[in-house]
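Reviewing the structure listed below.
The values are calculated or read from the model by the stated rules, or taken from the named source; none is laboratory data. Remember, predicted model here, so these are calculated numbers, not experimental data. Virtual Cβ from ideal backbone geometry, glycine too; neighbours counted across all protein chains shown. For accessibility, only protein heavy atoms count, side chains too; no ligands or nucleic acids. Shrake-Rupley method; radii C 1.70, N 1.55, O 1.52, S 1.80 Å.
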Amino acid sequence: MVSFDGRHVIIYCLCSLHCVESADTVYMETSIRNYFSNTRHHDPEYKEYKYAAKEYIHGEFLRHGLTTEYHTFQEPSVSNTSFQSVIGKAKGTNFGTANDRIIGLGAHYDTVRETKGVDDNGAGVAAMLEVVRQLTDRNKNGVKRKNTMIFVAFDLEEYGSCFGTSDCKLPNVPLGSRHFLQEWLPPWLKLNYGNAVPPVIHGVIILDTMMNYNTSARSQTIPPQIENVFEEAFPEAYASVASDNFQGDFLNLIYRQPTNDSYLAAEFLKSWRELGKPKYEIESFPLTFTKFSEIPSSDVKNAFIDFMRSDHGNFWESDLPAIWLTDSADFRGDMIQCYHQECDNLQVMLTDENINFLGKTADAIVTTMHKLSEPSGSGTSDASRCNQQTVLTILTYIIYTNRMQLI
């Protein structure tokens, strides 16, 4: 006969129980492999694959219960073709009122001609879809939210028509998010909120080029011409990275210190740290300006221009809170050679370490958006799900140990 002390088993079970839902890395990897591993540019030869990627995003938004639509826009300076961003909405109970503190998540799905776009920005879209999956799963389990959540897959962030040329006349901004802010958002707010447009929103999290994780020494670079400015502006981050011999093993959290970006950044930073997994680090880069366009010094602009290289810049110029999550693109590891090049592909970028790094980022976003949406109802918190799982675990082990004592 084998004897077990059921109390000890139960205590062991409780001490080893982990209830926080983790990212489905298989889902993210499958999304990247099937829909974000080839060129998604507006030139006709890439039309079919780009269309499939866009339709996949639209279908996943619908499958997870979002109210979904396309935002179709024109940009004659780039092409005579139409462009389409994909927008998904999860309305909160405060929807349509001035109390709605909207929280958004965005990632561009297009690429330049020269790349397969796995890190830039298949990774960002795959992470966004995983965030949608986790948040809407909680909704299906009884969660109600006060605040509305909006998810956007932007087209035409990489306009790409002047890549590699010195006489480009195109505006040096992501165009899809600019059209979203100018053409889609104002009438949508007017239609649904009337004169009760929320005076304050939580803001938008922008995901762009965010899967490259590298623990090799000196894999994280800082342009020599701005290194002194960089160290002066971000002494804590610089000292931290330098102490690790410039390993590219961290996520960059970029925001403007004097604005409401700081609140959103603080919530995300808290979520990241609560997840553990300390091998995946994070560094904060609080910028001191409010609008990049209002910086008077051209030298300062040149020093910080790389902090404006995604859709968050358009939100900042529109006086809306936004943070940017990135791996630093062409300043790290493989992407130094592969940024906007063919080798940003599955073979180079889709490693287990990279996808797990991406998974922690997705989980931190879920925790942040879940909290800021002000949830209520059954299954609201990780603790409530833990309690349910704990009860099931205790019952299972009691039954098991009682059976073993009879053997």
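A few comments on the model shown:
- Residue satisfying all of: in the range 237-280; charged (D, E, K, R) and closer than 19 Å to residue 217 by Cα; least open to solvent (accessible area, probe 1.4 Å) among these: 249
- Of all residues making up the range 31-41, the number that are open to solvent by less than 60 Å² (accessible area, probe 1.4 Å) and farther than 17 Å from residue 114 by Cβ: 2
- Any hit, the range 100-107, residues being within 13 Å of residue 150 (Cα to Cα), part of a loop (DSSP other than H, G, I, E, B), open to solvent by less than 10 Å² (accessible area, probe 1.4 Å) and touching a residue at least 24 places away in the same chain (Cβ under 8 Å): yes
- Some residue of the range 243-251 being in contact (Cβ under 8 Å) with a residue 24 or more places away in the chain and within 16 Å of the chain's Cα centre (by Cα): yes
- Filtered residues of the range 80-108 (kept if closer than 27 Å to residue 360 by Cβ and out of contact with any Gly (no Cβ under 8 Å at 6 or more places or on another chain)): 86, 87, 88, 89, 92, 101, 102, 105, 106
- Applying the condition of being open to solvent by less than 40 Å² (accessible area, probe 1.4 Å) and not aliphatic (A, V, I, L, M) to the range 42-55 and asking which residue is farthest from the chain's Cα centre (by Cα) yields 43.
- Filtered residue count, the range 197-232, keeping only those that are open to solvent by 40 Å² or more (accessible area, probe 1.4 Å) and not in a loop (DSSP other than H, G, I, E, B): 7
- Filtering 113, 133 for residues that are open to solvent by 10 Å² or more (accessible area, probe 1.4 Å) and outside any loop (DSSP other than H, G, I, E, B) leaves a single hit, 133.
- Elements of type helices (runs of 4 or more DSSP H) contained in the range 326-407, each with 2 or more residues being at pLDDT 95 or above, of a type outside the set (Phe, Trp, Tyr) and surrounded by 21 or more Cβ atoms within 10 Å (Cβ to Cβ): 335-338, 352-372
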